[in-house]
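Have a look at the structure below before the remarks.
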Amino acid sequence: MRLTQVLIMHLILLQIQACSQSSEDTNRGEVSTYKDKFIWTGTNEPFVPNYIMLGVLSKDLSNISEQKLDRFIEEFIHGHGFTGIHFVVAGQWFHIGDPVVTVKDSIPDPKTLQKIAMIIHKTYIAGGSVHFWVWGDDQRSQTSKSTDGGIMGKQERFLMDEIADKLGPLKGWTMSYGFDLFEWVNSDQLTRWHDYMWAKPGWNHLLGARSNKNQLNQISESMDYSSYEWHKPSYDELVTMTSKRTKKPSFSEDRYRIRHPSKYPEKDYNEEETRRGLWYHTMAGGVAAIWGNLDGDGIYKNKEELKCFSVFWNDHHRFRKEMEVANYLTNGYCLKSGSTSYVFYKESTAELEYRFYGASKDVIAIDTKKGYEEISLGRKKSGKYIFYAPYESDWAIAIEKK
């Protein structure tokens, strides 16, 4: 029976890889890094990963069908504008549907690998990426510490071998070691895991490890991006993250959730905070994040506002590799790339001051609290201006040379 499952898994992966090679999206390549930005290696284009939690579907991966996943992708990647999917695996590596890890666990479950391969493939074809946490909460026995060999022991190394073999060839995914890592794993162990994976031939997937709560330290500086567990970070705190480690991208890897009732009201979000949070993370220089609405069907009430953000940045390719914070040019927030591209953002205002340099450029404004609709402000010479909005709202301005 085990041999049959392995053969089926092998055939599924071959089919997925064949489909991927014929896809129009394969030129995106892998998720990688350029200085403090995440990029796609195939297009060399930067982006800010904003992952949507797979939520209830990921609690038992066996319940995910192609149809359910297709509907989820259509709603949250195409409909809301999130750039990818996030989930936790934990004990399901060994027995699909059960997150608990025990000393008896040693052989990865082929069904789990099949489901994850399907999620990665379908998300990539839809234009997105996948980010999963290998392990869960140690207090709930959801980590490799519960295996017979412990952290990076025989069982975990075999699992990592299987991940590299079965999932490694697929494009467009990254993984982090887990959460609340400061409670159960140390720097040397994380570095060993990181180096073990990158020693594998052909390995090309970013690895991370979330740090302590509301602190700027990293448990291990060997990871491929800087990861923080910051509870509802302000714009200024996000800027501090990006300026702290400028040679790596930043990922605020707490999960920003809407949920009622909330056990953690001090860190949970509402719809407006979600929209504004998306803008903060990008305007701070491009900090990746994980979002989720745990109420009802998970659809955000301000779906069109979230999609507006995505259209502005992703559909119009306004996030650039060399963008940097330049708030001295405005009474709000500013990102600029040299003198060729500028984005300005200010909340609860009817006046937005902005200044730019270089050649004449086209200027547009959008109300970020509505569906995407550009207001043309014309072609302007370099200089200092004030945008007098028709009413008070959260406004963004893009200035670029067409």
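Worth a mention:
- Residue check, K166 assigned to a helix (DSSP H, G or I) and buried (at least 20 other Cβ atoms within 10 Å of the Cβ): yes
- Selection within the stretch 219-242 - farther than 12 Å from G208 by Cβ, touching a residue at least 24 places away in the same chain (Cβ under 8 Å) and either among the aromatic types (F, W, Y) or outside any loop (DSSP other than H, G, I, E, B) (or both): W230, Y235, L238, V239, T240, M241, T242
- Checked against (1) in contact with a Cys (Cβ under 7 Å, 6 or more places away or on another chain); (2) more than 13 Å from M283 (Cβ to Cβ); (3) of a type outside the set (A, V, I, L, M), F344 passes all but a single condition, namely (2).
- Considering (1) in contact with a Phe, Trp or Tyr (Cβ under 6 Å, 6 or more places away or on another chain); (2) assigned to a loop (DSSP other than H, G, I, E, B), the lone condition that K402 does not fulfil carries the number (1).
- Test result for K171, charged (D, E, K, R), crowded, with 18+ Cβ neighbours inside 10 Å, part of a loop (DSSP other than H, G, I, E, B) and touching a residue at least 60 places away in the same chain (Cβ under 8 Å): yes
- Residue in the stretch 80-100 that is of a type in the set (F, W, Y), assigned to a helix (DSSP H, G or I), under 26 Å from E304 (Cα atoms) and touching a Leu at 6+ places or on another chain (Cβ under 7 Å) present: no
- Residue identified as on the phi > 0 side of the Ramachandran plot and surrounded by 18 or more Cβ atoms within 10 Å (Cβ to Cβ) among G332, G298: G298
- Among the residues of the stretch 118-169, those that are under 21 Å from D254 (Cα atoms) and charged (D, E, K, R) comprise D137, D138, R140.
- For the stretch 128-138, the count of residues that are surrounded by fewer than 17 Cβ atoms within 10 Å (Cβ to Cβ) and assigned to a helix (DSSP H, G or I) is zero.
- Those residues of the stretch 124-166 which are touching a strand residue (DSSP E or B) at 6+ places or on another chain (Cβ under 7 Å) and hydrophobic (A, V, I, L, M, F, W, C), in sequence order: V130, F132, W133, V134
- Residues of the stretch 58-73 that are within 26 Å of H281 (Cβ to Cβ) and either free of Cβ contacts under 8 Å to residues at least 24 places away in the same chain or part of a strand (DSSP E or B) (or both): F72 alone.
- The set of residues in the stretch 282-323 that are under 21 Å from L238 (Cα atoms) and either assigned to a strand (DSSP E or B) or of a type in the set (F, W, Y) (or both) comprises V287, A288, A289, I290, W291, G292, F309, F312, W313, F319.
- The residue that is nearest to D394 (Cα to Cα), among those in the stretch 233-261 that are among the hydroxyl-bearing types (S, T, Y) and loosely packed, with under 15 Cβ neighbours inside 10 Å, is S234.
- When each of K145, K68 is tested for being surrounded by fewer than 21 Cβ atoms within 10 Å (Cβ to Cβ), more than 22 Å from the chain's Cα centre (by Cα) and farther than 30 Å from K247 by Cα, the lone residue that passes is K145.
- Residue count for the stretch 301-311, restricted to those that are surrounded by 23 or more Cβ atoms within 10 Å (Cβ to Cβ) and either more than 18 Å from E74 (Cα to Cα) or of a type in the set (D, E, K, R) (or both): 1.
- Against the list (1) touching a Ser or Thr at 6+ places or on another chain (Cβ under 9 Å); (2) not in a helix (DSSP H, G or I), the condition D188 fails is (2).
- Qualifying residue in the stretch 205-226 (condition: on the phi > 0 side of the Ramachandran plot and either at pLDDT 95 or above or not aromatic (F, W, Y) (or both)): yes
- Among the candidates T274, T340, T368, residue that is closer than 23 Å to V239 by Cα, among the hydroxyl-bearing types (S, T, Y), assigned by TED's automatic domain parsing to the domain that holds D236 and within 29 Å of the chain's Cα centre (by Cα): T274
- Filtered residue count, the stretch 355-373, keeping only those that are within 21 Å of E305 (Cα to Cα) and exposed (fewer than 13 other Cβ atoms within 10 Å of the Cβ): 2
- For I399, the test of being of a type outside the set (F, W, Y), without any contact (Cβ under 8 Å) to a residue 40 or more places away in the chain and either surrounded by 12 or more Cβ atoms within 10 Å (Cβ to Cβ) or in contact with a helix residue (DSSP H, G or I) (Cβ under 6 Å, 6 or more places away or on another chain) (or both) is failed.
- Selection status of Y124, farther than 19 Å from M160 by Cα, among the hydroxyl-bearing types (S, T, Y) and surrounded by 21 or more Cβ atoms within 10 Å (Cβ to Cβ): yes
The values are calculated or read from the model by the stated rules, or taken from the named source; none is laboratory data. Quick caveat, the model's predicted, so the values are computed rather than measured. Glycine gets a Cβ as well: all are built from the backbone with ideal geometry, and neighbour counts include every protein chain shown.
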